[in-house]
Every structure is written in structure tokens, then in C-alpha cells.
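Peer 1: Quick one: this structure, given as C-alpha cells, is what I'll be asking you about.
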Amino acid sequence: MIDEPRELRQRLRVLRRALSPAERCQAALTVAHRLEAWPVWIGAIRVAGYWACDGELDPAPLLERAWAVGRSVYLPVLDGGCSLRFAPYRPGVPLRRNRFNIPEPGIPPAEWLEPSCLDVVLTPLVAFDPTGTRLGMGGGYYDRAFAFLRDPGRGRRPVLLGLGYEFQRVVALIRQAWDVPLDAAVTEAALSVFSTAKDLTLAPKSSLPPVPKGM
């Protein structure tokens, strides 16, 4: 039996928030370690993270390792009412809070990156299943931002990598027509690459799409 999304979301968010700071920190470090040898992560140049809220698995250790090897890091910003774009972020960049009280880089829109220009997108989640179906917070922001990935003929694509705790792995979720599935998900217990993404590769540097001036 598949859980009703609202009830599942509520139950897993309670479990997420119940984790101690030490448990959250250890899980985040373990996840970062699990990705060290993954070729897709090694090949990523432009990485999108997120600001962990509501007990989400914190991508900070991954972002710190990305900075250490010279990768570019971005955080999501609300672009108007219902869309996401991604602003460059490094320690010390000023932050502002959006209408959900989530910090965003205080970077001018001219320097924001389109979702299609990213290599790996660290994607927050409430739950995921063995097919890569993702349950988010219900706003649909990531599904709208990456809707272009549903086109099978698009070619090179950003890799959507879900970050979560092992208890967020569920037996099955209902995938709606507008849902954009994950390519992979990583928890403190395992890295899972889903059947539709077994041969994930990233384009070589020379063929990456151009980054707007200021990136």
C-alpha cells in the first residue's frame, strides 16, 4: 500500500526534525564521504546545493569539498512567483531571506544561472523510492525548474542527486505527470543510482554550455 503523500510528508518531517544535531552532522559527513569516488560527482564543475531547513540533510560538507577543488557552487533563488534559478555562493557572500524565510545569496539577477547550465543538483527531499520518484515539500519548485529534463531527446542534462536520510527511502511513491525523477539519491547508508540513469556521464569541460558573464 502506498502512503498518502500528505500523511507521509508529515510523518517523515517529524522524524527529520527529531534527529539530534550530532546525528545530522554525522549523516552529512557520511554522505559527503560516499560521493568522493563517484565519477559523476568528480566530473561536476557547477554544483547546486541548498540551504538545509526543517531537518533536511545538510549539503554543507559537500559544498565545502566542492570549493576546495575549485568548483563553482550555487544556491536556489526564487525568480518571481513560482520559478527557481541559481545564484553563485561562497562563504562571505551576503544573504537575504525569501518569503519562506530561507536564506538566498544577495547576488544581482544578472549573475544568476539557468537550471540547464548546472552539472549536479543536490536536491532536497522528504522521501524517495527505488524508481527515483521524489516527494518534496509540495511547492513543485524543483519540478518546474527542471521540467525540461522530461524530454528524452535533450542530450546532456544536469544530474539530479537527492540527499536524504535512510528512513526517507520508501517502498513506492505515486509519480505524477509533472514529477521530474531523481537520477540518483544518497543517504548515510548507500548511494543509489536508478535504472533510468545507469550510464550517467557529464560532458567534458570543452562542451559545457556557456556561463553568463559574471559567473
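Peer 1: Taking residue 76 as the residue in question, decide whether it is outside any helix (DSSP H, G or I) and either modelled with pLDDT of 95 or more or within 25 Å of residue 188 (Cβ to Cβ) (or both).
Peer 2: Here the answer is yes, as residue 76 does meet what is asked.
Peer 1: Another question, if that's okay. Among the residues that make up region 20-27, is at least one of them touching a helix residue (DSSP H, G or I) at 6+ places or on another chain (Cβ under 7 Å) and at pLDDT 95 or above?
Peer 2: No.
Peer 1: Taking the residues in region 134-156 that are in contact (Cβ under 8 Å) with a residue 40 or more places away in the chain and within 28 Å of residue 65 (Cβ to Cβ) as candidates, determine which candidate is nearest to the chain's Cα centre (by Cα).
Peer 2: For region 134-156, the residue satisfying everything is 142.
Peer 1: Let me ask another. For residues in region 30-62 being free of Cβ contacts under 8 Å to residues at least 40 places away in the same chain and among the hydrophobic types (A, V, I, L, M, F, W, C), which is farthest from residue 169 (Cα to Cα)?
Peer 2: 42
Peer 1: Where the second residue is surrounded by 11 or more Cβ atoms within 10 Å (Cβ to Cβ) and not in a loop (DSSP other than H, G, I, E, B) and the first is touching a residue at least 24 places away in the same chain (Cβ under 8 Å) and charged (D, E, K, R) and lies in region 9-29, which pairs have Cβ atoms under 7 Å and are six or more apart or on separate chains?
Peer 2: 9/135
Peer 1: Looking for something of a type in the set (A, V, I, L, M), modelled with pLDDT under 95 and touching a Cys at 6+ places or on another chain (Cβ under 9 Å) - is there at least one such residue anywhere in region 188-208?
Peer 2: Scanning region 188-208 turns up at least one residue that is of a type in the set (A, V, I, L, M), modelled with pLDDT under 95 and touching a Cys at 6+ places or on another chain (Cβ under 9 Å).
Peer 1: Taking the options 34, 9, name whichever one is of a type in the set (D, E, K, R), within 27 Å of residue 78 (Cβ to Cβ) and either at pLDDT 95 or above or more than 17 Å from the chain's Cα centre (by Cα) (or both).
Peer 2: 9
Peer 1: Being of a type outside the set (A, V, I, L, M) and under 25 Å from residue 16 (Cβ atoms) is the requirement here; does residue 106 meet it?
Peer 2: Judged against the criteria, residue 106 is not a match.
Peer 1: Separate question: If you check 68, 48, which single one turns out to be surrounded by 16 or more Cβ atoms within 10 Å (Cβ to Cβ) and not β-branched (Val, Ile, Thr)?
Peer 2: Matching residue, one of 68, 48: 48.
Peer 1: Also: Counting only residues that are within 15 Å of residue 166 (Cβ to Cβ) and of a type outside the set (Phe, Trp, Tyr), how many does region 118-134 have?
Peer 2: Residues that pass the stated criteria total 5.
The values are calculated or read from the model by the stated rules, or taken from the named source; none is laboratory data. Being a predicted model, the structure only gives us computed values, none of them experimental. All Cβ positions, glycine included, derive from the backbone under ideal geometry; neighbour counts span all protein chains shown.
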